[in-house]
Amino acid sequence: MKLNGSQIVAEVLLENGVDTVFGYPGGTVLNIYDALYEYQDRIKHVITAHEQGAAHAADGYARATGKTGVVLATSGPGATNLVTGIATAYMDSVPMVAITGNVPRNLIGRDSFQEVYIAGITMPITKHNFVVRSIEDLAPTLRSAFAIASSGRPGPVLVDIPKDITAEVIEYEPAAKQVPEKKSYIDGDSLAKIAEVINKAEKPVMFIGGGAKTSGAGELIRNIVEKANIPVTHTIMATGLMRYDMPENLGILGMHGSVIANKAVDKADVVIAVGARFSDRVALSPGKFAKKATIIQIDIDQSEIDKNVKTDYNVIGDAETILANLEKLIVSAKHDAWFEELGSFMRGYPRSMGGDKLHPKDIMDILSDAAGENALYTTDVGQHQMWAAQYLHHVNANNFLTSGGLGTMGYGYGAAIGAAVGTGREHVFHITGDGSFHMNMNEACTAVSYNLPIITVIVNNEVLGMVRQWQTTFYGKRYAASEPERKTDYAKVAEGFGAKGYTCRTNEEFKAALEDAMKNGGPAWIECIVDREERVLPMIPAGGTADNIIYE
Amino acid sequence: MDKKYISVLVKNHEGVLARLSSLFCQRGFNIDSLNVSATNDSSLSRVTITTSGSEEEIEQIIKQTKKLEEYVGIFELEPKDSLIRELLIIKIAQDAGNRSSLLELATIYNAKIIDISVGSIVFELAGKPAKIDSFIENLKIYDIMEMCRTGVTAIQRGNVKLVK
């Protein structure tokens, strides 16, 4: 079958089970869009307001569905606008294929209109990237891109295609999807030895990260934790992998983690890290992290072993496979004394800084109750993100999409669009702050065009809360550039976009707004006015330890 | 700090050098020299890295490099089991006054004269990095007009073969 390069792009997408693409057209991808027009019965294209939104949408789609997200953009600014979205996916190990057009081959390297070397730009933020140099390479390159993106530790892959290649015609031979083998190899220290260490532990703690979620190891972790009576703590990336109300779940570890989780790791004699990379937001002082513990690390990426924190034992491979083997070697245990010791550190999150405005915890509680257990949430970055991580009633790790590694303000709306399109859920809840929301609120037009049931909850304290909180604590209340004095009328702007808008000052107003928005079904913005003095607590300052926790 | 030598075999793809140097630069690895060369297998290149990084840093260099799609092999070269060589080309200002002493020095080091012009002489010296350092050191009393050294390239001693 003779096809042109653009039709081959569409065919390889179909080979890989892609039925949805997020993107934005432009000069060098016109041929590809012409093919998408032809294939519209099989491939749905979602146009966003901005390529960054499309990249976040592909990311949100991937996180919510477990499939590889695909984003398409034109050359030059189209491609550079993807950069933040690609980096976000890279830092959180999300499978994504980004396809960019480029100028025709005879114009490459001549500073042509909308020419940029996007492969060079994205080298450090992709798992791998390609420039397609001939039509013969096109299909094999795209196939490898999908295989690389989803195999091992997933990540984004970019494929840059010069425009003339998208018009060239060649014989197309269909190929089956390359299903990446689940990396089940086990390499490292012996599981028997590790099990022995765990079985002898008096104060064990399990510490789980995004890799545990990606691997699908949630159930095994639950089993092990229950069987051996091990308290478990998690990174932001593994939020929801253990139910929020599970007795063994100590909550988040690290900078804004719970007191009990941080104290537990500090006092533990054995720490078992699964799919976690000991980032600076978790191991704030790497030399003092779990200083009394024998540390066991399980990770699929060998470069994560000993990268930030020196471990005593490690196993490299798929967490689910490793834990399935380890589970058999772990004996039932009771650690009553250990739980009793930890109990003394059990203090809830400080409820509020006062004020008669809406309280962040109330917002998250009301939202959790209204949205129900299986609700899907996305967040932006800052205080609201931490409150959402701390207070929402998390029961499923695939239901909390947040930019953990890169910390991308403006991630949430695009991610919500991708999640809504990908899952077809009745509602998707996008929690944002007034700072983050100003970055990409333009995506409201996308939510309206496709009538996506995205309910945006804006936690509005009228300041850049996280920045301001640091200035309050560490910079003598010198609020440089964190109080922008914006006068945005969110309800009006929402209406201007064609969405519903609400403003809430009390719990009752918020409940009513949520109810109304959920009944209406379409996109809505609900502004919740909170006090600017609200802080995210507890907090361990950068470089600190469990001894430096700020409670209030 | 002692210099360490790492040998990397990579697929000879476009952009592989950029990818390696981007990785080293991003992660802040201390690279003293980086030499890329063809091998007896035209699909592979050998990159020889000289670093004065710590053990931890070398471990990370190795682990991160292994993640590259073009990665084929990587190992640290133990100096006692390896042939580690570098090439120097150095141009010195010369006249009748210093010519004979320069030639004497070149003889001691076994350096080749590859150009002599009115006012300058160019030496070529291949050898272990320490020998090159020492030659340059001894030439410093003269006017060094320009010089370049290739960076280290190295292979293991004995019957080790290049295998993919």
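A compact table of results
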quantity	calculated
Over segment A:286-350: Rg over Rh, Cα atoms, Kirkwood Rh	1.06
Aspartates and glutamates with Cα under 16 Å of A:K163, excluding same-chain neighbours fewer than 8 positions away	A:D34, A:D111, A:E115, A:E136, A:D137
Calculated SAXS-style log₁₀ I(q)/I(0) at q = 0.13 Å⁻¹ - segment A:21-66, Debye, Cα scatterers	-0.31
Around B:T153: net Lys/Arg minus Asp/Glu count, Cβ-Cβ under 12 Å	+3
All-pairs Cα distance distribution in segment B:120-164, expressed in whole percent, bin size 10 Å	19, 43, 20, 13, 4
Inter-site label distance for A:R110 and B:I136 at 7 Å from Cα along Cβ, in nm	4.2
In range of the label at B:Q156: residues from segment B:73-89 whose backbone nitrogen is under 14 Å from the point 7 Å along Cα→Cβ	B:73-83
Cα gyration tensor of segment A:429-552 - equivalent ellipsoid semi-axes, whole Å, descending	31, 15, 13
Reciprocal mean inverse distance between Cα atoms of segment A:187-343 - Kirkwood radius, Å	14.9
Per DSSP, loop trypsin sites (Lys or Arg not before Pro) in segment B:89-147 with at most 15 further Cβ within 10 Å	B:K140
Local electrostatic count at A:I526 - Lys and Arg +1, Asp and Glu -1, tallied over other residues with Cβ under 10 Å	-2
Length-normalised contact order for segment B:83-153 - Cα pairs under 8 Å, 6+ apart - percent	52
For the protein assembly as shown, the spread of Cα positions along each principal axis, largest first, Å	98, 66, 55
Normalised contact order of chain A, rounded percent, pairs of Cα under 8 Å and 6 or more residues apart	14
Chain A: DSSP helices with Cα axial extent of at least 27 Å and average Kyte-Doolittle hydropathy no lower than 0.5	none
Entries in A:K288/B:K67; A:K193/A:K328; A:K193/B:K80 that, when Cα-Cα distance is taken, lie over 24 Å	A:K288/B:K67; A:K193/B:K80
Of all DSSP beta bridges in the protein assembly as shown, antiparallel share, percent nearest 5	45
Evaluated over segment B:83-153, the Cα radius of gyration and Dmax, each in Å	11.5, 38
Overall Cα dimensions of segment A:1-112, principal axis frame, Å, largest first	38, 35, 22
Helix-derived mean residue ellipticity, 222 nm - over chain A, DSSP H n ≥ 4, -39500 (n - 2.57), to 500	-10500 deg cm²/dmol
Paired Rg and Dmax values of chain B, which use every Cα atom, in angstrom	18.4, 57
FRET efficiency estimate (nearest 0.05) - Cβ-Cβ, B:S101 to A:A167, R0 45 angstrom	0.10
Segment A:360-460: radius of gyration over Cα atoms, expressed as a fraction of 2.2 N^0.38 Å	0.96
Computed Kirkwood radius, in angstrom, where 1/r is averaged over Cα pairs of segment A:226-280	11.6
Separation between Cα centres of segment A:208-234 and segment B:7-50, rounded to whole Å	39
Candidates per trypsin sites (Lys or Arg not before Pro) in segment A:49-126, loop by DSSP, up to 13 other Cβ within 10 Å	A:R110
Karplus (6.51, -1.76, 1.60) ³J(HN,Hα), θ = phi - 60°, over segment B:147-153, in Hz, Gly and Pro reported as x	7, 8, 10, 6, x, 6, 10
Cα convex hull of segment B:4-77, projected area averaged across orientations, nm²	4.3
For segment A:120-278, the Rg and Dmax computed from alpha carbons only, in angstrom	21.6, 67
CD proxy at 222 nm, helix term only [per DSSP H run n ≥ 4: -39500 (n - 2.57); per residue of chain B; nearest 500]	-8500 deg cm²/dmol
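All of the numbers you see were taken from the coordinates with simple rules; none came from a lab. The structure displayed is predicted, hence computed values, not measured ones. Positions of Cβ are backbone-derived with ideal geometry, glycine not excepted, and every protein chain shown enters the neighbour counts.
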